[in-house]
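Each reported figure results from applying straightforward, stated rules to the coordinates on display, with no laboratory input. This is a predicted model, so every value here is computed, not measured. Cβ coordinates were reconstructed from backbone atoms using ideal geometry, including for glycine residues, and neighbour counts include every protein chain displayed.
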Amino acid sequence: MTEAQALEALRGGDVKRIAEAETALWTMWCHSGRPEHDALLVESVAAMERRDLDGAIAILTRLIAAAPDWAEAWNKRATARYLARDFAGAIQDCEATLARKPHHFGALSGQGLCHLALEQYAPAAALFRRALAVHPSLAPVRANLQAALSEVVRYN
């Protein structure tokens, strides 16, 4: 399955095919084609799992310097920064991810979560909508969209 085919399958109605497409996309996105870069990505995820967020960010910063065009390096640093509550830094990394992979539903949703944490509800809702346009089956993103829209209505 190519990336284009997987993205198309996400918008279909076959639940099994949607799951396969999502798995295929994450597999594609998490492999750079350079074993040493892939190893650093794995190491950064292990650091995040240990809650060593500073270590993960440092690894990912080195990885981005070595592979600046690899969207997933930026996306994983966005995740680490989000977990470290550096929402502005995470937003910058999501934007860098999306500049390289405009249909990266993880970065779209992640940037939406950052805006939600900053109480920027309208931008959060817009990003959740974009994520759902790519991957309509993401129930947590749909719930986050509803939460953001509720806040937009409340404050307007």
(message) Suppose the chain between LEU118 and CYS30 were pulled fully straight at 0.36 nm per residue; how much longer would it get relative to their current alpha carbon spacing?
(response) 28.9 nm
(request) Quick one: what are the phi-derived ³J(HN,Hα) couplings along region 100-110, Karplus 6.51/-1.76/1.60 with θ = phi - 60°, whole Hz, x for glycine and proline? (result) 9, 9, x, 9, 6, 4, x, 5, 4, 5, x
(request) Under 10 Å from the Cβ of ALA66, count the other residues' Cβ atoms, weight Lys and Arg +1, Asp and Glu -1, and hand me the total. (result) +1
(request) Sum -39500 (n - 2.57) across every DSSP H segment of at least 4 residues in the chain, then divide by the residue count to get the 222 nm mean residue ellipticity, nearest 500. (result) -25500 deg cm²/dmol
(request) Once you have a ≥ b ≥ c as the square roots of the Cα gyration tensor eigenvalues for region 72-136, tell me rounded if a/c is under 1.5, and otherwise prolate or oblate according to whether a/b is larger than b/c. (result) oblate
(request) Take LYS16, LYS76 and order them by how many other Cβ atoms sit within 10 Å, fewest up front. (result) LYS16, LYS76
(message) Give me the one-decimal nm value for the distance between modelled label points at ARG50 and SER137, 7 Å along each residue's Cα-to-Cβ direction.
(response) 3.5
(message) Would you work out the Kirkwood radius for region 103-156? I mean one over the mean of 1/r across all pairs of different Cα atoms, in Å.
(response) 10.5
(request) In whole Hz, with x marking every Gly and Pro, tabulate ³J(HN,Hα) for region 5-11 from phi via Karplus 6.51 cos²θ - 1.76 cosθ + 1.60, θ = phi - 60°. (result) 5, 5, 4, 5, 4, 4, 8
(request) Return the sequence-ordered ³J(HN,Hα) values of region 80-86 in whole Hz as given by the Karplus equation 6.51 cos²θ - 1.76 cosθ + 1.60 applied to θ = phi - 60°, using x for Gly and Pro. (result) 4, 5, 4, 4, 7, 6, 8
